[in-house]
Amino acid sequence: EVQLVESGGGLVQPGRSLRLSCTASGFTFGDYAMSWVRQAPGKGLEWVGFIRSKAYGGTTEYAASVKGRFTISRDDSKSIAYLQMNSLKTEDTAVYYCTRGGPYCSGGSCYPLYYFDYWGQGTLVTVSS
Amino acid sequence: QSALTQPASVSGSPGQSITISCTGTSSDVGVYNFVSWYQQHPGKAPKLMIYDVSNRPSGVSIRFSGSKSGNTASLTISGLQAEDEADYYCSSYTSSSTWVFGGGTKLTVL
């Protein structure tokens, strides 16, 4: 059974940093791209960014609203994806979801997977003084 | 990248069919067949309902179907049931190698 569990959320002051973790199980983590999606209180979903698998270059893409402040990384040996958030703003307050989404690679071939098929339960980040 | 455009709300009676539209541009919905739909009940994580415009994941009811024409995708729910009442979001992969979501549609089952 695929499981994604986020951790690391909490209350943080504007301008400070926070790192979220997403621990995965139930699938070959290193084969898949991982994405982060957030949802501000009472608002809709917003894609934050994703990291490709190592076989696909391990590169990252970000939404314009977080580019230059947020960094996604991965540790395939631990099946963990990270979201490092710097220079936090009050508008970054949201529930942050870890999702499996983006092309996956296995056996030397890569396949399109341009949707988010599994989601974690989310972790709340509150940016306030 | 601007959000995809969805109606804020739709409603229907049990047993009826409803359709939710999702309008994008030639840089997202119109360029790829990578539109997906998500259902979200209050306080819960979103759930994938449709991927690649019209494909249903295993376990999703056949009452859910998707389609696309030009820059507009649609989600149709037939035989409405009380448990379908939720928020629905569309999403599309874009030509900039990013994703964009719609603003969400609240479905009320009357």
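Residues to consider are B:L4, B:L80, B:L75; find the one that is crowded, with 19+ Cβ neighbours inside 10 Å and over 22 Å from A:W119 (Cβ atoms). So the residue among B:L4, B:L80, B:L75 that is crowded, with 19+ Cβ neighbours inside 10 Å and over 22 Å from A:W119 (Cβ atoms) is B:L80. Within segment B:69-106, the set of residues being farther than 14 Å from B:G30 by Cα and away from every other protein chain (no Cβ under 14 Å) comprises B:T76, B:I77, B:S78, B:G79, B:L80, B:Q81, B:A82, B:E83, B:D84, B:E85. Is one or more of the residues making up segment B:22-45 outside any loop (DSSP other than H, G, I, E, B), touching a His at 6+ places or on another chain (Cβ under 9 Å) and either without any contact (Cβ under 8 Å) to a residue 60 or more places away in the chain or not basic (K, R) (or both)? The answer is no; no qualifying residue exists. Any chance segment B:9-23 includes a residue that's modelled with pLDDT of 95 or more, buried (at least 18 other Cβ atoms within 10 Å of the Cβ) and within 21 Å of A:P103 (Cβ to Cβ)? Checking segment B:9-23: not a single residue is modelled with pLDDT of 95 or more, buried (at least 18 other Cβ atoms within 10 Å of the Cβ) and within 21 Å of A:P103 (Cβ to Cβ).
A:D75 passes every criterion in (1) surrounded by 22 or more Cβ atoms within 10 Å (Cβ to Cβ); (2) more than 14 Å from every other protein chain (Cβ to nearest Cβ); (3) charged (D, E, K, R) apart from (1).
Identify, please: which residue in segment B:60-96 is of a type in the set (S, T, N, Q) and touching a Lys or Arg at 6+ places or on another chain (Cβ under 9 Å) and is, among those, farthest from A:T60 (Cα to Cα)? Walk me through how you get there before you give the answer.
Step one: filter segment B:60-96 for residues of a type in the set (S, T, N, Q), giving B:61, B:65, B:67, B:69, B:71-72, B:74, B:76, B:78, B:81, B:91-92, B:94-96.
Restricting the remaining residues to those that are touching a Lys or Arg at 6+ places or on another chain (Cβ under 9 Å) gives B:65, B:74, B:76, B:78, B:81.
Details: B:S65: 32, B:S74: 30, B:T76: 34, B:S78: 39, B:Q81: 40 Å.
Within segment B:60-96, the match that is farthest from A:T60 (Cα to Cα) is B:Q81.
Looking at segment A:41-58, which of the residues that are more than 9 Å from every other protein chain (Cβ to nearest Cβ) and not hydrophobic (A, V, I, L, M, F, W, C) is surrounded by the fewest Cβ atoms within 10 Å (Cβ to Cβ)? Write out each step before concluding.
In the first step, residues of segment A:41-58 are kept if they are more than 9 Å from every other protein chain (Cβ to nearest Cβ); the result is A:41-42, A:48, A:51-58.
Pick out the ones that are also not hydrophobic (A, V, I, L, M, F, W, C) and you get A:41-42, A:52-54, A:56-58.
Numbers: A:P41: 9, A:G42: 5, A:R52: 22, A:S53: 23, A:K54: 13, A:Y56: 16, A:G57: 10, A:G58: 14.
Ranking the qualifying residues of segment A:41-58, first place goes to A:G42.
Among the residues of segment A:83-114, how many are of a type in the set (D, E, K, R), crowded, with 20+ Cβ neighbours inside 10 Å and either in contact with a helix residue (DSSP H, G or I) (Cβ under 6 Å, 6 or more places away or on another chain) or closer than 14 Å to A:A63 by Cβ (or both)? I'd like the intermediate steps shown before the answer.
Residues of segment A:83-114 that are of a type in the set (D, E, K, R), as a first pass: A:89, A:91-92, A:100.
Pick out the ones that are also crowded, with 20+ Cβ neighbours inside 10 Å and you get A:92, A:100.
Add one more test, that the residue is either in contact with a helix residue (DSSP H, G or I) (Cβ under 6 Å, 6 or more places away or on another chain) or closer than 14 Å to A:A63 by Cβ (or both), and what stays is A:92.
Residues flagged as of a type in the set (D, E, K, R), crowded, with 20+ Cβ neighbours inside 10 Å and either in contact with a helix residue (DSSP H, G or I) (Cβ under 6 Å, 6 or more places away or on another chain) or closer than 14 Å to A:A63 by Cβ (or both) within segment A:83-114 amount to 1.
The values are calculated or read from the model by the stated rules, or taken from the named source; none is laboratory data. All values reported here derive from a predicted model rather than from experimental measurement. Here the Cβ is made from the backbone with ideal geometry for all residues, glycine too, and neighbour counts use every protein chain on show.
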